[in-house]
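What follows is a single structure, written as structure tokens, with notes after it.
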Amino acid sequence: MKRDLDFYVKKHSNFLTADICIKTVEELKNTKWKENKFYDPKSNTTHTLSGNLENDYSFDNKISTHNLIMEKLWIVVKNYIDELNFPWFVGWQGYTELRFNRYYENKKMAEHCDHINSIFDGQRKGIPTLSIVGSLNDDYEGGDFIMFEDKKIDIKQGELIIFPSLFLYPHRVEPVIKGTRYSYVSWIY
């Protein structure tokens, strides 16, 4: 087992074609969005960590490319787990529907780790073990993906990264300076 945390952050280039990304972004322009909020287990409430600067999100599974992306994600997750080849990490139950993120100018996502509890609605059981972040465009400025407090990870249009959802993998998105940033996430449990 590798002790280097960076080893477990894997980037996949050319995961989606530019055509699929462009089509997805065009459809996302007409979807309903909500302001991102984080759950606080101490108070059992949700709130923003960045005031009115938090990004927006949508769980719109009617986007025409949604199922295609979901099918391709299954292969990425399987390959990631197979590559680890850990006898104590024998598999996974499933993964969540895509959550799309939108960042207008000045919007960001506060530093956090993916201890997502809202994906367990009573039918699903488990904990998030892996996180996937994919980029749908790169025609914006700013919006850098930062992990481990200061490591910038470039994620171009069509690329994705997969990494553990643990407290050891804090990440954030810096404010967008110009344009609009679109991405998607899914959590493996």
### Message
Criterion first (part of a strand (DSSP E or B), surrounded by fewer than 16 Cβ atoms within 10 Å (Cβ to Cβ) and not aromatic (Phe, Trp, Tyr)) does Lys11 satisfy it?
### Response
yes
### Query
Looking at this structure, is Asp60 closer than 18 Å to Arg172 by Cβ, of a type in the set (Asp, Glu) and touching a Ser or Thr at 6+ places or on another chain (Cβ under 7 Å)?
no
### Query
Does region 15-32 contain at least one residue that is at positive phi and exposed (fewer than 11 other Cβ atoms within 10 Å of the Cβ)?
no
### Query
Where residues in region 60-110 are within 13 Å of the chain's Cα centre (by Cα) and at pLDDT below 95, which of them is surrounded by the fewest Cβ atoms within 10 Å (Cβ to Cβ)?
Glu97
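Identify all residues within region 156-166 that are within 25 Å of Arg3 (Cβ to Cβ) and surrounded by 19 or more Cβ atoms within 10 Å (Cβ to Cβ); write none if there are none.
Those that are within 25 Å of Arg3 (Cβ to Cβ) and surrounded by 19 or more Cβ atoms within 10 Å (Cβ to Cβ): Leu160, Ile161, Ile162, Phe163, Ser165.
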### Query
If you go through region 36-68 one residue at a time, how many are under 27 Å from Gly158 (Cβ atoms), assigned to a strand (DSSP E or B) and among the charged types (D, E, K, R)?
2
### Task
Can you confirm whether region 167-185 contains a residue that is among the aromatic types (Phe, Trp, Tyr), more than 25 Å from Asp82 (Cβ to Cβ) and buried (at least 17 other Cβ atoms within 10 Å of the Cβ)?
yes
### Message
Give me the residue from region 111-121 that is in contact (Cβ under 8 Å) with a residue 60 or more places away in the chain and within 22 Å of Lys10 (Cα to Cα) and, out of that set, surrounded by the most Cβ atoms within 10 Å (Cβ to Cβ).
### Response
Asp114
#### Entry: Failed criterion for Asn44 (all others in (1) more than 21 Å from Gly143 (Cα to Cα); (2) at pLDDT 95 or above hold)
(2)
### Query
Within the group Asn44, Asn61, Asn67, which residue is more than 19 Å from Phe163 (Cβ to Cβ) and touching a residue at least 24 places away in the same chain (Cβ under 8 Å)?
Asn61
### Query
Does any residue of region 160-182 turn out to be of a type in the set (Ser, Thr, Tyr) and under 20 Å from His66 (Cβ atoms)?
yes
### Query
Quick check: anything in region 134-145 on the phi > 0 side of the Ramachandran plot and at pLDDT below 95?
no
#### Entry: Hits in region 132-145 (condition: within 27 Å of Glu71 (Cα to Cα) and assigned to a strand (DSSP E or B))
Ile132, Val133, Gly134, Ser135, Phe145
### Query
Is it the case that some residue within region 159-169 is closer than 21 Å to Glu26 by Cα and either touching a strand residue (DSSP E or B) at 6+ places or on another chain (Cβ under 7 Å) or without any contact (Cβ under 8 Å) to a residue 12 or more places away in the chain (or both)?
yes
### Message
Considering only region 4-21, I want to know if a residue exists there that is at pLDDT 90 or above, in contact with a Pro (Cβ under 7 Å, 6 or more places away or on another chain) and of a type in the set (A, V, I, L, M, F, W, C).
### Response
no
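The values are calculated or read from the model by the stated rules, or taken from the named source; none is laboratory data. All values reported here derive from a predicted model rather than from experimental measurement. Cβ: placed from backbone, ideal geometry, glycine included. Neighbour counts: every protein chain shown.
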